[in-house]
Amino acid sequence: MVSSVAGPRVLLRRLREVMAEPESAQKRLEKVSVAIASNMVAEVCSVYLMRPDNILELFASEGLNPAAVHNTFLGTGEGLVGLIAAEAETLSLSDAQAHPAFAYRPETGEDAFNAFLGVPILRLGHTLGVLVVQNRTRRTYSEEEVEVLQTTAMVLAEMIVAEDMAASVVAHEPRLGLGASLQLKATSFARGIALGVAVFHEPRVNVVKLIADNASVEQRRLDVAIASLRQAVEEMMHKPDVVRGGEPRDILEVYRMYAYDRGWVQKIEEAISTGLTAEAAVERVQNETLARLLRQSDPYVRDRLHDFDDLTNRLLRILAGRSATASAEDLPDNAVIFARNMGPADLLDYDRDRLRALILEEGGATSHVAIVARALEIPMVGRVDNILQLVDAGDPVIVDGDMGELYVRPSLEISESYTEKLKFIELREAQYAKLRLTKAITKDGCDIKLYMNAGLPVDIDHLDASGADGIGLFRTEFQFMIASRFPRLDEQTAVYRSVLEAANGQRVVFRSLDIGGDKVIPYMRQAEEENPALGWRAIRMSLDRPALLRSQIRALLRASGGGELNLMFPMVSEVDEVIRARALVDKEISFLTRHNYTIPSSINIGVMLEVPSLIWHIPALAPYVDFISVGSNDLLQFMFASDRASPRLTGRFDSLSPAFLKILRQIVVECNAHDIPLSLCGEMAGVPVEAMALIAIGFRSISMSASSIGPVKEMVLSLDASALEAEILPRLDEPVKSLRPAIEAFALGNDIPF
Ligand code: PEP
Ligand code: MG
């Protein structure tokens, strides 16, 4: 058996020669078994490969009965070979037949062999097959021999994948997920459909050179790379902001722990000493560790798997001299970016023209990157377990952000049906674009103002193209949410000014900071609350800590100098809050006047009506407000005591329920009676059938996402508002769950697109 250090290198050299030979994959696999058997002085060397049906098939053997090749099969978990595959662990036995898992296959003639050493053939932690050597004598394989066989298995794995033996010999790919067509359920974070090719945000390095020319050179390369990895982690930890690009501090702590883990580095060094290049050695240890971690069901351990994988990929990129993210590289013009997680700034680094969609293994609907994705109108899905292991760079993918679905390597039928769907969407969009300059007036002459919601300067690009009448809700907190520290007064002023300039005289309604609840500012400490949606948030926080609100008001007054300022306060629950907020505005006006700033020519102060208590206080509120905008997202949540962020409650209570429409109707009546201009800026405004109901109960101004303006305008143009009003108003006391079916029937009966 192998005992000299030269042994493994000789074997690896021989494998390299075999891999380069112009022969069929089957022939090369046979030659590989011969080379391994002879180098390791083993009487048997067999290669089992995993088939798509999870059956291990004997693909090549030196020493076993040749007739057994392609005729010996083992299920995963069956026999010693199946056990190695299932557990992705090496098995070394001096008396194989005494092992309880031993399964005798008469066709192989292996009963003559006692000593058994089997190692899994791994790629990205998944088992592609099993490599086995056997000897007649009952002997114990040395640690060095085990190492050598593991290294050989790694080279074999690369050969199976890189030389596309998958196609010619073995279809192992579905086992891995790689190669197979997959349909995966995901959580939708930004709507829309996209077809494109997979690009890793942090590109995975393809290790091409496995076998080293000089081990000490490789050892030195590793030392330098580890040092620079540690330095990079330290730099990340010491950034002034606690959060960097979506990586909270605790993840960085784990990175640091791994980066300094002596055991990890030692394993890589051992792999180098068996003849691998530094990259290949890192990848081998990555494979083995992933294989172990992937088999753990503990979610905490599986989470650590991601951290470990990230760190290893960073090390591989350092070794390959590629430390930038994909945004710095040449992107295909239909890139679908895959990442475990990323920060909003990372997404903004990409060339928008080449970006088709974003997929995150983790992510949340309220995460900042999701906000940016929606602003850029990029479909985005997330919470797809293990996606980074299931997809390969360059794979074709389809993202359905409407249905929360992801197709990897889709079948021809799926691709065709989505291509059709996209064509249809484009046609509709072209139709909406034609309506851009058409006023939204119903068939019976009601002029409906359609505004758009925005929150980032990038949103403003859509104002002109959408044909919106202005911005009905500018969510100022977005600037705060995507920053890494509080934006300074001049930075806030600059954003507000740029929005007003882009609006070019059209009405813009700024909402003061609505933070707390689901809107988290990463750099701001907030006490834990049992019910954050009902907690210390929005205007409540602003009034208790007025410095922040005052600086925002100052920025808004300065940005609107000489023009009109429309400012509304979120989550107002009682009139007193508006009185106090107005007093802050007055203070700021006198401050700016004292310092000779031009103040706005007109200032309109409004409130968001999203807390039910205010509905009964509209008359008392009237003297203090210039307008009201209903925040139907929150109003619905509070009216039905139903958390808007809970996936279990999604769709349980309908915004078209008679109860909710009756409440909205009451708001319309009260506002009309007190001459308060009224609008509504929740999600329901952007859904044509829901917007129909709003118009029927008396809303004449609504605000929605830019992409909804076209469909809603098309609906308005074919609607007879008074006919629908006559249909709906008498039904507001009906004991039905929703009036949606009635409104849809009306739309169908009257040829109204919805
Ligand atoms: C709402 O609550 O309806 C609203 C528009 O505000 P947000 O969704 O930002 O809470
Ligand atoms: Mg709200």
Once you list every other residue whose beta carbon is under 10 Å from the beta carbon of residue 551, what net charge do they have if Lys and Arg are +1 and Asp and Glu are -1?
+2
Hey, what's the stretch 321-422 come to in accessible area per residue, 1.4 Å probe, Å²?
39
Mean separation of Cα contacts under 8 Å (at least 6 apart) over the residue count of the stretch 8-176, i.e. the relative contact order in percent, is 22
Looking at the chain, identify the longest residue range that excludes and avoids all trypsin sites (Lys or Arg not before Pro) in DSSP loops having at most 10 other Cβ atoms within 10 Å.
1-524
Among 639, 527, 20 the positive-end extreme of the charge dipole of the chain (Cβ point charges)
527
Give the whole-number value, in cubic angstrom per residue, of the convex hull volume spanned by the C-alpha atoms of the stretch 77-132.
69
Run the dipole for the stretch 8-176 about the Cα centre, Lys and Arg Cβ at +1, Asp and Glu Cβ at -1, nothing else charged, and hand back the magnitude in debye, nearest 20.
240
To the nearest 20 debye, the chain has a Cα-centred charge dipole, built from +1 on Lys and Arg Cβ and -1 on Asp and Glu Cβ, of 1340
Normalised by the number of residues in the chain, what is the relative contact order in percent for Cα pairs under 8 Å and 6+ residues apart?
10
Give the accessible surface of the stretch 500-584 per residue, rounded to a whole number of Å², with probe radius 1.4 Å and ligands, DNA and RNA excluded.
43
Excluding ligands, DNA and RNA, the carbon-plus-sulfur percentage of the accessible area of the chain with a 1.4 Å probe reads 52
Whole-Hz Karplus ³J(HN,Hα) for the stretch 458-473, in order, using 6.51 cos²θ - 1.76 cosθ + 1.60 and θ = phi - 60°, x for Gly and Pro?
4, 4, 5, 3, 7, 4, 5, 5, 6, x, 5, 7, x, 10, x, 8
Please list, ordered by chain and number, the residues whose modelled amide H lies under 5 Å from the amide H of residue 211; skip anything fewer than 5 residues away on the same chain.
277
Dipole of the stretch 440-749, positive direction: furthest Cα of 482, 666, 620, with charges on the beta-carbon
482
Magnitude of the Cβ-charge dipole (Lys and Arg +1, Asp and Glu -1) of the stretch 440-749 about the Cα centre, nearest 20 debye, reported as 760
For the stretch 440-749, Rg(Cα) over 2.2 N^0.38 Å is 0.99
Just the accessible area per residue of the stretch 8-176, please: how many Å² with a 1.4 Å probe?
37
Given the options 48, 211, 86, identify the residue whose Cα lies farthest towards the positive end of the charge dipole of the chain (+1 on Cβ of Lys, Arg; -1 on Cβ of Asp, Glu).
211
Strictly over 22 Å apart at the Cα level, which of 209/267; 443/713; 662/737; 185/423 would you flag in this model?
185/423
Report ³J(HN,Hα) in whole Hz for each residue of the stretch 659-667, in order, from the Karplus equation J = 6.51 cos²θ - 1.76 cosθ + 1.60 where θ = phi - 60°; Gly and Pro get x.
4, 5, 5, 5, 4, 4, 4, 4, 4
Which whole-number percent is the relative contact order of the stretch 428-480 (Cα, under 8 Å, 6+ apart)?
36
Between residue 497 and residue 53, the two model label points (7 Å from Cα along the beta-carbon direction) sit apart by a distance in nm of 7.2
Per residue of the stretch 341-348, in order, report the coupling 6.51 cos²θ - 1.76 cosθ + 1.60 (Karplus, θ = phi - 60°) as ³J(HN,Hα) in whole Hz, putting x for Gly and Pro.
7, 7, x, x, 5, 4, 5, 5
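The values are calculated or read from the model by the stated rules, or taken from the named source; none is laboratory data. All figures in this text were calculated on a predicted structure; none of them were measured in a lab. Positions of Cβ are backbone-derived with ideal geometry, glycine not excepted, and every protein chain shown enters the neighbour counts. Heavy atoms of the whole protein, side chains included, go into the accessibility calculation; ligands, DNA and RNA do not. Shrake-Rupley method; radii C 1.70, N 1.55, O 1.52, S 1.80 Å.
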